[in-house]
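Following: one structure in structure tokens, then a few remarks.
Just so it is clear, none of the values below were taken in a lab; they were calculated from the coordinates. In this text, all values refer to a predicted model and were calculated from it rather than measured experimentally. Don't worry about glycine lacking a Cβ; one is built from the backbone with ideal geometry, like all the others, and counts go over all protein chains shown.
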Amino acid sequence: MSERVAVIGAGPAGATAAYCLARAGADVDVYEASDGVGGMARSIDLWGQTVDIGPQRFESSDPRVNELWLEVIGGDYEMVARRTRVLVDGRLYDYPLRAGNALRNLGALEAARCLAGYARQRLRPRARDAADSLESWLVSRFGERLYRRLWAKYPEKLWGIGPEELDAGLAGRCLRGGGEQFPHPRQGTGEVYARMCDFVEKQGGRVHLDTPVARLVLDGARVTGVQLNTAEIYEYDHVVSSMPLTLLAGRLPDVPPAVAAANAKLTFRNTVVVYLRTTAESVFPDTWIDVPGPGPRTVRITNFDNWVPSMRHGERETVLALEYRCNGDEEFWRWDDARCVALARRELAATGLVRPAEIIDGEVLRVPKSHPVYRRGYRRHLRLVEDHVRRLGGLQVIGRYGAFRYADQGQSILMGLLAAENVRHGAGHDLWALDGAAAHPRPSRITATGLA
């Protein structure tokens, strides 16, 4: 008899785990709280086009990840040329920064001051405190003056706290650039995870949408099943969880007070994406534009025209996505759709990229608990929660939400793949110890013709 496995969450990590387990012959149930698969990497149909939740690019140098991605998507992808800029004070800066562009935007005097500040930083590095904040990382990279001008307000917009309060180790990865090109499925990044879940069902497994898991069912120190929000209980040999770690740990029985206190200090930010339908063509040449300045509330503007042409399905209008971040207890999270669309219209028009009359429609998508907040000292709290969860047999914890760590699509796929190996073969991979920044000894990359 095949092993029965529950996978909580159908984002990149969960969908990968379910796919690999189904391929190995396991009897798999996937429980997804939302109405679609892919998590933050899902794709949706809007105004006759396919769009992603902002700029969800796939990049990996791990051959295991790249081989699996190609196994699922086949040749149904194209290479996208990455071009990004930074919008500050109404001016667009190339990113990574280029000297000529920066000089034109800053002016000769201010550029000289920023260059002098950068030189001082290189010659006499600012002393980093023991906690190594994101602010110290940014200053060391850009110099004090340019940091203040371009990046000082961005971390607060993204994570809700100032850069001096954020941990540099993981938060810094979110602000680093990527490669010049990356592969993207012709029907949106979510096509990979939709195909994975389709495969699970074809193998006899089940994918349950709009079905949140309330808590794990335990027999002593072993996980033996899941309880749904409907109070129904289902038994399993193994559970693979990518649900937010704080929810999983907070709903365990008999949580020690120290662990409960640490768990309460691990927080998430929510994402609100406002899609605007415009009659404009060739709005701007970037794949996306970061908006780190203090004026607009949006943190990023994505132009889907500059991704894969087939996602447009022949439509001529341009769909732009403006991303916003907030906490769950903020009033902004409770705004109705009309108010969110009105804000996005005003902010887009204020950039000068699109005229107000060219914006003809808007839609809103909300994603709760989309990004962990890497506050300085969070590792200490995470370790307490991790140690408490580690003791449970029959459980694999994976993904950005599940493990409370920065994990892009490639790293999430790797976690799902290794979790499946743990379940099926007792491989003993320590998923908590995975370092997303570590390079594979045999790096690979996906090109237009396959794996290189």
Original post:
Between residue 98 and residue 383, what FRET efficiency follows from the Cβ-Cβ distance if R0 is 56 Å, with the result rounded to 0.05?
Top reply: 0.85
Original post:
What residues qualify as long-range amide H neighbours of residue 397, i.e. H under 5 Å apart, gap of 5 or more or another chain, H built at 1.01 Å from N?
Top reply: 241
Subject >> For the chain, calculated [θ]222 nm from helices alone, where every DSSP H run of n ≥ 4 adds -39500 (n - 2.57) >> reply: -10000 deg cm²/dmol
**OP:** Loop only per DSSP, at most 14 neighbouring Cβ atoms within 10 Å: give me the trypsin sites (Lys or Arg not before Pro) in the range 294-397, ordered by residue number.
**Re:** 316, 391
Original post:
FRET efficiency for residue 235 and residue 156, Cβ-Cβ distance as r, R0 = 51 Å, nearest 0.05?
Top reply: 0.65
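Would you work out the relative contact order for the chain, in percent, from Cα pairs under 8 angstrom that are 6 or more residues apart?
Contact order relative to length: 26 percent.
With +1 on each Lys and Arg Cβ and -1 on each Asp and Glu Cβ, and nothing else charged, work out how big the dipole of the range 267-372 is about its Cα centre, in Debye to the nearest 20.
On the way: 14 positive and 16 negative charges, 41 e Å.
I would put it at about 200 debye.
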**OP:** Note the angle between two axes, namely the Cα long axis of helix 337-351 and the longest principal axis of the Cα atoms of the chain, as a number of degrees from 0 to 90, rounded to the nearest 10.
**Re:** 40 degrees
**OP:** Quick one: dipole size for the range 1-89, taken about the Cα centre, charges +1 on Lys/Arg Cβ and -1 on Asp/Glu Cβ, in debye to the nearest 20.
**Re:** 260 debye
Subject >> In nm, spacing of pseudo-spin labels at residue 81 and residue 108 (7 Å Cα→C-beta vector) >> reply: 3.3 nm
**OP:** Please list, in chain and number order, the residues 5+ apart from residue 46 or on another chain whose amide H is under 5 Å from its amide H, with Hs placed from the backbone.
**Re:** 51
Original post:
Considering the dipole of the chain built from charges on the beta carbon (Lys and Arg +1, Asp and Glu -1) around the Cα centre, which of 224, 274, 34 is farthest to its positive end?
Top reply: 274
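Hey, got the dipole for the chain? About the Cα centre, +1 on K and R Cβ, -1 on D and E Cβ, debye to the nearest 20? If you can, show how the numbers build up before the last one.
Details: 59 positive and 56 negative charges, 412 e Å.
That gives the chain a dipole magnitude of about 1980 debye.
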**OP:** Find which of 236, 393, 2 sits farthest along the positive direction of the dipole of the chain, computed with +1 on the beta-carbon of Lys and Arg, -1 on that of Asp and Glu, about the Cα centre.
**Re:** 393
Original post:
From the phi of every residue in the range 443-451, what ³J(HN,Hα) in whole Hz does the Karplus formula 6.51 cos²θ - 1.76 cosθ + 1.60 yield, where θ is phi - 60° and glycine or proline is x?
Top reply: x, 9, 8, 8, 10, 5, 9, x, 7
**OP:** Would you kindly derive the ³J(HN,Hα) couplings of the range 404-410 from the backbone phi angles with the Karplus curve 6.51 cos²θ - 1.76 cosθ + 1.60 (θ = phi - 60°), listing them in order in whole Hz, with x for Gly and Pro?
**Re:** 6, 8, 6, 9, 7, 4, x
Subject >> [x] 4, 15, 20, 19, 15, 11, 8, 5, 2, 0, 0; [y] 4, 20, 30, 27, 15, 4, 1, 0; [z] 4, 10, 9, 9, 9, 10, 13, 14, 11, 6, 4, 2, 0, with the label sought being that of the calculated P(r) over Cα pairs in 10 Å bins from 0, in percent >> reply: [y]
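Of all the stretches in the chain, which is the longest one without any exposed loop site, taking GluC sites (Glu not before Pro) in a DSSP loop (any state but H, G, I, E, B) with at most 11 other Cβ atoms within 10 Å? Spell out each step's value before the answer.
Details: sites that count: 180, 232, 281.
Longest site-free region, per DSSP loop and neighbour criteria: 1-179.
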**OP:** Kindly write out, for the range 95-101 in residue order, the coupling ³J(HN,Hα) from the Karplus curve 6.51 cos²θ - 1.76 cosθ + 1.60 (θ = phi - 60°), rounded to whole Hz, with x marking Gly and Pro.
**Re:** 9, x, 4, 10, 4, x, 5
Subject >> Folded to 0 to 90 degrees: helix 63-73 orientation relative to the chain principal axis, Cα >> reply: 90 degrees
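In whole Å, what three semi-axes, largest first, describe the equivalent ellipsoid of the range 320-452 built from its Cα gyration tensor (square root of 5 times each eigenvalue)?
Values: eigenvalues 292, 103, 35 Å².
Over the Cα atoms of the range 320-452, the ellipsoid semi-axes are 38, 23, 13 Å.
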